[in-house]
Structure formats: structure tokens, C-alpha cells
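Chemist: One structure is given below, represented as C-alpha cells, and several questions about it will come after.
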Amino acid sequence: MTRFDFDLFVIGGGSGGVRAARIAAGHGARVAVAEEYRFGGTCVIRGCVPKKLLVYAGRFRDEFEDAQGYGWTLEAPRFDWSALIANKDMEIKRLEGIYRRNVEGAGGKIFDTRATLVDAHTVVLADGGRKVTAGTILVATGGHPVKPDIPGAEHAITSNEAFHLDELPASVLIVGGGYIAVEFAGIFDGLGAETTLVYRGDKVLRGFDEDLRDGLMAELFKREIDVRVNANVARIEKNWGDYTVTLTDGASLDVECVMFATGRSPNTADLGLEKAGVKLGKQGEIRVDAQSRTSVSNIYAVGDVTDRVNLTPVAIREGHAFADSVFGKKPSSMDHDLIPTAVFSTPEIATVGLPEHEACEVYPNLDVYLARFRPLKHTLSGRDEFVVMKLLVDAETDKVVGCHMMGPDAAEIVQMAAIALKMGATKADFDATVALHPSVAEEFVTMRTKRGAPARPAARTPPRKRGYDETS
Ligand SMILES: Cc1cc2nc3c(=O)[nH]c(=O)nc-3n(C[C@H](O)[C@H](O)[C@H](O)COP(=O)(O)OP(=O)(O)OC[C@H]3O[C@@H](n4cnc5c(N)ncnc54)[C@H](O)[C@@H]3O)c2cc1C
């Protein structure tokens, strides 16, 4: 008989925590999970999934417009925000149920409350104050959006609230230039809101390949999103029914909604981590080793709370590797190299491997293959939108070290290319693959001409902090 109530106590029922709990329980561990809000965490409740549903909704506008070139005549389509949000909420509720059942089905116990550490083996449950002990504790508490400290910041929403607005605002001003900012700019613009994007840098998506950044900036302008770069918000004042936003360059705009997408912080405050002796990094993140072990030997941490690569599949893999290693006698660790990622802007961006400005530092002999073209679909639709595709090849080994794309279905295409890169594919392997015609993706296997100009200047932007951390 062990002296602990559970073998594993997981704090946080999100992507990383639920995967770890389920796998550990499958290995025979006695597992409990505490979740203070809703099962599924950020990804399911107010991140990837609802965001992608809203992205789909916004992109119908393009489809309706494009259809005309193909002979369709449509009545003026009407959009109903309440119907979209209600349908989205129904789907999220369904997924939340699946997450709960996955834990319970594996034999785990769920506590629907906040849990904090009392010491290295004890947590206290906020609901009733009960103390529970465990041999191993996993902190998988994720992160939260942060707002800048400016006058009137309380009037602004973040991505959390964007999913639950009562109405679609007629005008939105989004602050930020990272994943979430450009994704929501596409969503609101697509659904018909007058959209302004204010970003303090000179170009959105800092750290991404420069050709993708340039490509997306051009498309945002074409869509008539009011992109204001090298600017920031100085203050927000509430008026009768809307807000006056004053920018640092003195400009002022009246809008119905202001949204900050300016950063996310790890959820480590008031968790009792200091009492247990867990060390934090400069951004408040939990410091872990390659096995996700913290400075306390029986306490582990996975996912956004460790601020490594803030993406759902990464949190899931880290949770899985932890459970296999600690409870399944299968030592493993998450490989953080060559993680593909997409930005669901419109048009979307996807990438795996190094951007050119980083690749040319690592590989002095870098070959660059770049294509920029109007896809076949838009010959009839008439849409003035370009696709950008890029391969970076180490000329010494012929290995493809970067694959980047902006355009329709970029995420779907780059996910497949990521397999090739992970296997160490060479440019000759890409060339030996027969094109699937006619498709956009075939460009990746038909690129033959190296870009003449030398690689872009090294370290033009600092290395990318990958994932939805949004500290842009
Ligand atoms: C708007 C948005 C869009 C995104 N889109 C994508 C995308 O398209 N693709 C992608 O890969 N990633 C995306 N992400 C990132 C992704 O959501 C996160 O990387 C992922 O959810 C991290 O999982 P996690 O398990 O670390 O944390 P989370 O999923 O955040 O789970 C943490 C859970 O812990 C709970 N919790 C916190 N403290 C306590 C406590 N003391 N006691 C009990 N429970 C607690 C929280 O309520 C939460 O449910 C997006 C994020 C946002 C915000």
C-alpha cells in the first residue's frame, strides 16, 4: 500500500495534461486531474478549434465572390454571428465531453476545481480545501493572454472574449502582429467588420521567413485591412457606444471593439510552486529538462506553462513522453526539432524548418528556390491573390532545411512536406517525386531554378520564438 492518494496528480485538463493522464492511467497508474475551468483547455475551449471554425466562417466570403467567375449567381449572402457562435459552442461542448470521457474511461479521477501545491507531494483543492497527495505531480496549467499597461486597457478584449462577443462588431482594431493578431484580422475582415491592425514592428509575423512576411503584408493590404505598422496604442477612451483609440503616432480612430493580441504568459502565479521548490524562468515559465522534469525531482511540467514551443501537438507529445517515461518504462523525450506550424491568416501560412535568415547562418552554402504565382483557381475567379512557396537547400548535403508556403491549404501541404524533412529528404528526393497535376502543391517538386541573389542578410530578425506565445 503506497502512502499517497494517487500515483499521479495532474494540474490542468488541457492538451498536455489530459494526454499525460490518459497514457499514465493506461500504464496502470492511479491518476487524478484537476481542471479549474473547462476540460480540453485552451486549444479546445478558446484556442485552435474555435479559432479554426471562425476562420472557416470568414473564408466563405471569398468563396461567394470567387464563384461568380465560375458562372454562379448568388443572392447577396447574409451572415448571422449568433448562429455561428451557437453552433461553435455546441461543437466545443461535444469535444469537452470527449476529453472528460477519455480521462474517466482510462480510469482517471476528475476534480472540477482549481488545485495548488502545498508541498512537493500535496495539492489543495480550492473547492472545499481538501488536501490530496501524489507520488508524482504534473503541472500542465497552460498560459493566459496579457494586455499592455496603458490607460483604458480594461476596455479591450483578448482572444478569450473574442469567441463570446454578443454581436459581430461593425469595426475592430486589433493590436499585435503575431499568429493570433493576423488570424483574427482575417476572421473579422472575412465576416464583414471594418478591420484595423496596429503593430509596433515594420511587418507582421516577426521571425518568419521574410518572403512569407512580405507576401502576407501585400495580401492584407489588398484585402483593405487597415494595417498600421510602426505604431502602437497609447490610450483607449470609452465613448457613447464605441471607443476612441489614440495611437502613439497621434492618429485616433473610433471603433466598436479593441482586441489585444500582444502576448501570453505561463499560468504559474499563486500555484504554490515556490513552496514546493519549483524554479521559474524570466518569463515566469517553469524550467524543465529534456524529460520535462522541474527542479524538484517528482514534479514535472509540460505544455505552454514551460514556454518551449507553444503549440497543441507539442503539449500533447510532451505529456505523452512524460507518461511513457515515468509510468510506462519507455523512456522518451519530445524532439523539438522540425516542428511544422501554420498561421491561419487569410491567405494562410505554413512552415517547417528554418527561415532563410536563420538557414543562411547555419548553412553558408544555401540554395534558395522561390516561386510566387497566381494559382489556377484565380484565373477565372479574378482574385488578385498570390501564392508564395519556398524551399531552402543546404548545397553541401542537398538536404532540404526549410519549406515555407503562403496560400490556400498551406497547412495541409506543409504537414505532408514535414514528413519528408523529418526523414532527411534531399532536393533530389523532391525532384524525383512525380508532380500531382494540376495542384498548387506540385510546385514543391517542380522547382528547378535557384534564386540568383545571395541569401538574405543574416540575422535580419531575431530567431523566431515558435508557437502561440505572441510576444510580438
Ligand atoms: C487563440 C489561440 C489560438 C491557437 N491556435 C492554435 C493552433 O491553431 N494550433 C496550435 O497548435 N496551437 C494553437 N494555440 C496554442 C494552443 O492552444 C496551446 O499551445 C495548447 O492549448 C497548450 O496546451 P497546454 O496543455 O499546455 O495548456 P492548456 O490547453 O491551456 O491547458 C491548461 C489548463 O489548465 C487549467 N488550469 C490552469 N491553472 C489551473 C489550476 N491551478 N488548477 C486547475 N486547472 C488549472 C486551465 O483552465 C486550462 O484548461 C492557440 C492558442 C490560442 C490562445
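Each value in this text was obtained by applying a stated rule to the coordinates, not by laboratory testing. As the structure is a prediction and not an experimental result, all values here were calculated from the model. For neighbour counting, all protein chains shown are included, and Cβ atoms are generated from backbone atoms with ideal geometry for every residue, glycine included.
Chemist: Taking the Cα of D254, stepping 7 Å toward and past its beta carbon, and measuring to each backbone N in region 215-243: which are under 17 Å?
Modeler: 236-243
Chemist: If you don't mind, another one. Relative contact order for region 51-177: what percent, with Cα pairs under 8 Å and sequence separation of 6 or more?
Modeler: Values: 59 pairs, mean separation 20.2, N = 127.
Taking the mean separation of contacting Cα pairs over the length of region 51-177, I get 16 percent.
Chemist: For region 33-138, what number of Lys pairs, 8 or more residues apart or on separate chains, have alpha-carbon atoms under 18 Å from each other? Don't skip to the end; give the middle numbers.
Modeler: On the way: K51/K88; K51/K93; K52/K88; K52/K93; K109/K131.
Lysine pairs meeting both conditions in region 33-138 amount to 5.
Chemist: Another question, then. Sequence-distant or interchain residues sharing an amide H contact under 5 Å with F6, placed H: which?
Modeler: T133, A134, G135
Chemist: Consider all pairwise Cα distances in region 128-231 and report the whole-number % of them above 15 Å. List each step's numbers first, then the result.
Modeler: Working: 3721 of 5356 pairs.
For region 128-231, the share of Cα pairs beyond 15 Å comes to 69 percent.
Chemist: Still on this structure: Looking at region 1-152, send over the antiparallel percent of its DSSP beta bridges, to the nearest 5. It would help to have the intermediate numbers written out before the result.
Modeler: Working: 7 of 19 bridges.
Beta bridges within region 1-152, antiparallel portion: roughly 35 percent.
Chemist: Per-residue counts of other Cβ atoms within 10 Å, averaged by peptide: what ranking do you get for 296-309, 84-97, 171-184, 273-286, highest first? Write out the running numbers ahead of the final one.
Modeler: On the way: 296-309: 25.1, 84-97: 14.3, 171-184: 26.6, 273-286: 16.7.
Listed from highest to lowest mean packing, they are 171-184, 296-309, 273-286, 84-97.
Chemist: Continuing with this model, one more query. Binned at 5 Å from 0, what are the whole-percent values of the Cα-Cα distance distribution for region 264-321, short to long?
Modeler: 4, 21, 32, 25, 15, 3, 0
Chemist: Can you tell me the length gained on complete extension of the stretch R448 to H336, counting 0.36 nm per residue apart and subtracting the Cα distance? Write out the running numbers ahead of the final one.
Modeler: Numbers: separation 112, 0.36 × 112 = 40.32 nm, distance 3.05 nm.
Gain in length upon complete extension: 37.3 nm.
Chemist: Please give the FRET efficiency for S297 paired with A126, using the beta carbon to beta carbon distance and R0 = 22 Å, rounded to the nearest 0.05.
Modeler: On the way: r = 26 Å, r/R0 = 1.19.
It comes to 0.25.
Chemist: In whole angstrom, and with the biggest value first, how far do the Cα coordinates of region 287-386 range along each principal axis?
Modeler: 60, 36, 22
Chemist: While we're looking at this one, here's another question. Per-residue ellipticity at 222 nm for the chain, helices alone: DSSP H runs ≥ 4 residues times -39500 (n - 2.57), over residue total, nearest 500 deg cm²/dmol? Display every interim value, and only then the final one.
Modeler: Numbers: 14 runs with 148 residues, N = 472.
It lands at -9500 deg cm²/dmol.
Chemist: What net charge do the residues around A86 carry, taking every other residue with its C-beta under 15 Å from that of A86, with Lys and Arg at +1 and Asp and Glu at -1? Present the calculation step by step, with values, prior to reporting the outcome.
Modeler: On the way: positive: K88, K93, R94; negative: D80, D89, E91, D166, E167.
Around A86, the charge tally is -2.
Chemist: Here's a follow-up. Enumerate the whole-percent occupancy of each 10 Å bin, from 0 to the last occupied one, for all C-alpha pair distances of region 328-453.
Modeler: Bin by bin from 0 Å, the calculated values are 12, 43, 31, 10, 3, 1.
Chemist: Continuing with the same structure: For E224, what is the net charge nearby, where nearby means another residue's Cβ is under 10 Å from its Cβ and Lys, Arg count +1, Asp, Glu -1? Each step should come with its number before you reach the end.
Modeler: Values: positive: K222, R223; negative: D189, E194, D226.
Value of the local net charge: -1.
Chemist: Sticking with this structure for a sec: Ignoring solvent entirely, what values of log10 I(q)/I(0) come out of the Debye formula for region 30-84 at 0.18, 0.22 Å⁻¹ when each Cα is a single scatterer?
Modeler: So the normalised log intensities are -0.75, -0.91.
Chemist: Same structure again: Please work out how much length the chain gains when fully extended from D166 to Q68, using 0.36 nm per residue of separation minus the C-alpha to C-alpha distance, in nm with one decimal. Mind dumping the intermediate values first?
Modeler: On the way: separation 98, 0.36 × 98 = 35.28 nm, distance 3.22 nm.
My answer for the length gained is 32.1 nm.
Chemist: Can you give the relative contact order of region 272-386 as a percent, counting alpha carbon pairs under 8 Å and 6+ residues apart? Numbers along the way, then the final one.
Modeler: Values: 109 pairs, mean separation 13.8, N = 115.
Relative contact order here is 12 percent.
Chemist: Still on this model: Based on C-alpha coordinates, I'd like the Rg and Dmax of the chain, in Å.
Modeler: Every Cα atom of the chain included, Rg and Dmax give 23.6, 74 Å.
Chemist: Could you work out the relative contact order of the chain, using alpha carbon pairs under 8 angstrom and six or more residues apart, expressed as a whole percent? Walk me through the numbers on the way to the answer.
Modeler: Details: 1014 pairs, mean separation 79.9, N = 472.
Contact order relative to length: 17 percent.
Chemist: What does the highest-first list of 119-125, 248-254 look like by mean Cβ count within 10 Å?
Modeler: Values: 119-125: 18.7, 248-254: 12.6.
Order by mean packing, descending: 119-125, 248-254.
Chemist: Okay, moving on. Which cross-chain or sequence-distant (5 or more) residues have an amide H under 5 Å from the amide H of R264, H modelled 1.01 Å from N in plane?
Modeler: Amide H neighbours of R264: V146, T471.
Chemist: Express in nm, to one decimal, how much length is gained between W81 and T133 on full extension, taking 0.36 nm for each residue of separation and deducting their alpha carbon distance.
Modeler: Between W81 and T133, full extension yields 14.1 nm more.
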